[in-house]
Structure formats: structure tokens, C-alpha cells
1. Eight or more residues apart or on different chains, and alpha-carbon atoms under 18 Å: count the Lys pairs in the stretch 451-604 matching that.
2. Can you figure out the FRET efficiency of residue 287 with residue 336, using R₀ = 30 Å and their beta-carbon distance, to the nearest 0.05?
3. Add +1 for every Lys or Arg and -1 for every Asp or Glu among the other residues with Cβ under 14 Å from the Cβ of residue 439, and state the total.
4. What do you get for the angle between helix 575-596 and the principal long axis of the chain? Use alpha-carbon atoms, 0 to 90 degrees, nearest ten.
5. For residue 208 paired with residue 544, estimate the spin-label separation in nm (one decimal), with each label point 7 Å from Cα along the Cα-to-Cβ line.
6. Would you pull out the residues with amide H under 5 Å of residue 101's amide H, same chain only if 5 or more places away, H placed 1.01 Å from N?
7. Between the stretch 567-602 and the stretch 309-323, what's the alpha-carbon centroid distance in Å?
8. Compare the Cα positions of 577, 91, 327 along the charge dipole of the chain (+1 at Cβ of Lys, Arg; -1 at Cβ of Asp, Glu; about the Cα centre) and return the one farthest towards the positive end.
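The values are calculated or read from the model by the stated rules, or taken from the named source; none is laboratory data. In this text the structure is predicted, and so the values were computed from the model without any measurement. All Cβ positions, even for glycine, are placed from backbone atoms using ideal geometry, and neighbour counts span all protein chains on display. The protein model used for the area step is the full one, side chains on, heavy atoms only, and it has no ligands, DNA or RNA in it. Shrake-Rupley method; radii C 1.70, N 1.55, O 1.52, S 1.80 Å.
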Amino acid sequence: MCGIVGYTGKRIAAPLLLSGLRRLEYRGYDSAGIALATEHAIRLWKKEGKVSEVKNEIESDPDQSIISTSHTGIAHTRWATHGPPTTVNAHPHKGNSDPKVVLVHNGIIENYRVLRTKLEAEGRTFLSETDTEVLAQLTDSLYQGDLLDALTKALNQVEGTFGIVAMATAEPGVLVVARRGSPIVIGIGPEETIVASDASAIITHTRNAIYLDDNDIAKINGVEIDIRTLTSARVSREASEIDWSPEAAEKGGYEHYMLKEIFEQPDAIRNAIRGRIDVDKGNAILSGLNLEPREMAEISRLLVVGCGTSLNAGLVAEYATEDFCGMHAEVEQAAEFRYRNPIVGSKDLVVAISQSGETADTLAAVCEAKEKGALIAGLVNVVGSTIAREAGRGIYLHAGPEISVASTKAFTCQVSVLLMIALKFARSRRMSIESGRCFAKAIADIPALVEEVLKTEDEIIKVAEKFAQYDHCFFIGRGYMFPVALEGALKLKEISYIHAEAYHAAELKHGPIALLDENMPVIALLNQGPGMEKTMSNVHECKARSAPTVGVITQGDEEARSSVDYAIEIPACPMHTSVVPATVALQLFSYHIARIRGCSIDQPRNLAKSVTVE
Ligand code: M6R
């Protein structure tokens, strides 16, 4: 999705903005641009394609005067929504040909057509097809020497979502930022201010940051920051420390962020469960849930919402909650939930799962559930993100920055935290202290299980080499292994472009089996536990139809090994925690297939890291 950086301060702005844009590349984009301001003018460089192309444009510009002297600028990576990914549609957008106002924008201006027609009737002409240019022209039309005032007036006419940074020719050194539903972080340095849509663009300069609230607008002049609401009331927002280091957002010697993040999982999960598991008491300590035992006892249903990988993690919660807590649990695709008029109320705990905390559908589901009086808890990785704030209560994953578009460590941390939630509910109901201790110990053992799987990477590579040439494949599993199959297929299709589908193993015979032949490999989740024998029978059915087979099996299970063509081993562990090592094995499998096929692993085509539009 789109990314924003802005700078005002003592340093030359262009190199800072370009390095900020590079740090936002992981979000996915298809064009980029920069605007720089000096005492008298603002100049723009925009280009379809990569940030490196904008950099080339700037470096080869015969007039370097603004570039080498400007201390203020804004920059953007665009993921096309309104209008194709062309240079003219790239941000920044200007208010007119001799720009009074220039801005970059994340989000969607829903009433842009009405506003555009009105501005055209006033004699304005538009260069692009974007909703953002409408906002730039509207602000320009309202500008009378005060950018804060003009943008406030413009945003009061706007319906939709925005994260914005704007500059005006007549106010050199000034940035105006605003947010509604799309994040803006203000990084405060000793002699400068760096603003961005995501902390990764500012973390190398400062860890001291202010997160704007929805409907905040701020004027930044060097290091002076004046924050107001869109109703013009002055407000103050506390600065907080960004809790991850700049190195956490680097590749650290790995070929891809995805591989680095796969290998970070033992530590990421340790961070997610640290201080939250009490093995002695057989319980989880989840103060972020902010629920007294009596309130927990009154909750009759857990409703989990999310999208993509986060939705797959939610399915694990459904199984675990019903298994251990004797409580109703449902998982629902967030987009369905928001439009389905769901029956929810004060006895439901809605758990919204999101790595980014910015996914539009998940956020809308949270708002809908709130409206209907449900308790909401966020299970989010990015601190200060919109869903975390909107939920009000919740548990941060502490997985560290996840840069690769394909989610890996967020999933395993989500599952670990969801198992802790299940433990807490189970103990507040019928689970004994003894059973609680076993459950708590099993969660505490997860990082070591992942370490075991990571040691088998070379074996997994050998299997990946055999399967990299296929263009289709099935994943099958039952019970807790069904969400693992879903996540395995999602990972493979995202990064290798192999058409991969996941089925509950029992569903094979109800249709998909018609597709099986020697060109349709089947990856079966066959680790020991309930349902495994039946999945093994399904594997025999697949082999009988010539499908090549891979089994994810429990270490040393010779029977399972002999029933598949190739095996990937995971350590023995309870079924509910085996979700994590089994998924890690499939992450490595997908990663190496994509590497062998020469795919763009960290930034797969058409995908964005967080989907902030519907
Ligand atoms: O940030 P979120 O967890 O809310 O994102 C949800 C999905 O967009 C995300 O999991 C997506 O499916 C990933 N590309 C999966 O690898």
C-alpha cells in the first residue's frame, strides 16, 4: 500500500526522503515521487515504477539548485487505486500548475467525484485521474496564506480516509499533516522532524515519535509541532518510544526479509509469550485484555475476525477455544462480518487479528462490533496502529517489524497468543490447574519446536527442488491441520505464483479429487494426532490417482513416511501447538520453491503489505 515520508529540518531533504521511500518499498507500490521546497518554489519529480527511477530523475536533473539546498520535502510510494500506475497519477499532487499547495495522500477520498465536478465548474482543470489531486486542488482553492487553515477546511468537506502531508510555496519549512483512518507518525529529532506513514521510515533517525489520532491535523515548522483537531481545538499528544531497533528492519545478511523473518520466529515467539505464561499456576497473564475473572465468566462467545494469514490464525483459535474452554467460538472473514449484519452483543468478545493493525476490512469489522455493544480486543503487531487504538484493549504480538509481504512470524506469534487466550478462558471455566500447567508448558515449548524445524532447512530444500516445477498443487489437513493447510497454500501462491488450494482432507472426495493426476501434487498434514489416520487414507486415494505426495509428518513416524513420496519432519508435540512447527516447515518449503523459480519473494506482484482499502 501507499507510503508517505516528509522532512523538515537542518539537513538536506532529498537523500533523507529517498532513503525513507526505500524503507517503505516493502509495503508494495507501483509509482513514486518527491516534492522539494525552497524559499520561493516547490519542484516535483515523479515516476511510474521503482523509487530508484525517481532517484535517477533527481540525480540527472540539470538544475540541482533546489535539490542541493532544500531542507523541506514530501515523498510518496503509490499503490494504484484511482487511475492506473502512471507517472501523471503518481504523488505528490499539486493544487494548480504554479503550485500554491502540494500534497501526498494515503487512503481514499470517497466523495472525490462530487468535489471534482464542483472544482471543474469553478474553472479548474485536472491532470490526473486520482482522488488525491481533487484534495490538492480543493486545498489550493481554499488557500489564503495559511496551509493549516486551508487543509482543515478542505478535510471538513471530505468523506473517506486519509493520511496526508502537505506543503505550501508561501510557507517554506512548514509541513501540515493529518490523519483519519490511515496512520501518520511524527518522528522528533533534535533539529528536525520526520513524518511518515510507518515507523520504518523514521527509525534510523529517531525513536521518539508522536502517533496522531484520527481527525488530528498538525502544523510542523522545523521542530515546532502544533496539533489540533479538525474542529480546530488544540490538543496535545504524548510522544512515545518506538520499541524496535533500526537493525530489526534490515535484512541482516539474509537473502530475503522473508527468510530472515522465518528464522526470527523462535525469538519472536519468545517475545510474544514473555511474561505472559505462568507455568506454575497453569495460566496465562494477559493484562492487556483487561478482563476481570467475573467478566471473563460472563463472555459466552469468542468471535475472531481478520483477513488472509490473520484469518487463518483465527481458525486455530476457534478449534482451541471449543476444545479447551467449552465455549462457543467462531472465526469470520472481516469483510463478510462488516456487511453481514452479524448478531453480536455484550456477551461476545470480538478478537480482531491484524499484523499491520491497518487492514481496512478488519478495522471496519471492529467498528461494527463496537457499534453493536461487543467487547473488542485487538491482536496486533504494529504498536499504535489504528486497530490497536480502536480496539482499546488487546495484546501486542511483539514480533518485531515484518517487512516481507508474505506474513510468517506474525502468524506464529498470533497462534501463540491465541493459545494463551484459550488457556486463560479455559482456566476461568473448567480446566484444572494440572491440565493448565500442561497447556502452559506446551505453549512455552513452542520456540524450541520451531528451532528444531529450522535445523531441517536442507532437507526441506531437497523436497522443494522436486516440486518447484509444478504449476498447481493441493494442501490437505484436518482439525488443527486444516488452518495449517490454508496457510501453507496461501504462502505458496503468494510468493511462487503456483496455483495452490487448501482443502479439508474430507472435502477431497466431494469434488477436488477430479483434478488429481501426475501434475497435481498434494501436500498432506500428517503429523500425529486426531484425524491423522483418516488424512493418511486420503493420501492413499491421491496416490492411487498418480498425484505426487509430500507429507508433513512427526519425526520418526515410519508409517507416515512410507505412505508419501517425500516427507518433511516436525518434532512430536500436542496437536494444538504443532500448528506452529508445521506452518514453519511449509513456510520454508514455499520460500525455497519461490527462490528456485526466481520470484520476487519479498514483494510479490500485485500484493501490498497492508490492505488499507476495500
Ligand atoms: O496486517 P493484517 O494481518 O491485517 O493483514 C491481513 C492480510 O492482508 C495478510 O495476512 C495477507 O494475507 C498476507 N499477505 C499474507 O501473507
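1. Within the stretch 451-604, the lysine pair count is 6.
2. 0.45
3. Around residue 439, the charge tally is +3.
4. Relative to the chain, helix 575-596 is tipped by roughly 60 degrees.
5. In this crude spin-label approximation the distance works out to 7.1 nm.
6. 95, 96, 169
7. 19
8. My answer, from the dipole projection, is 327.
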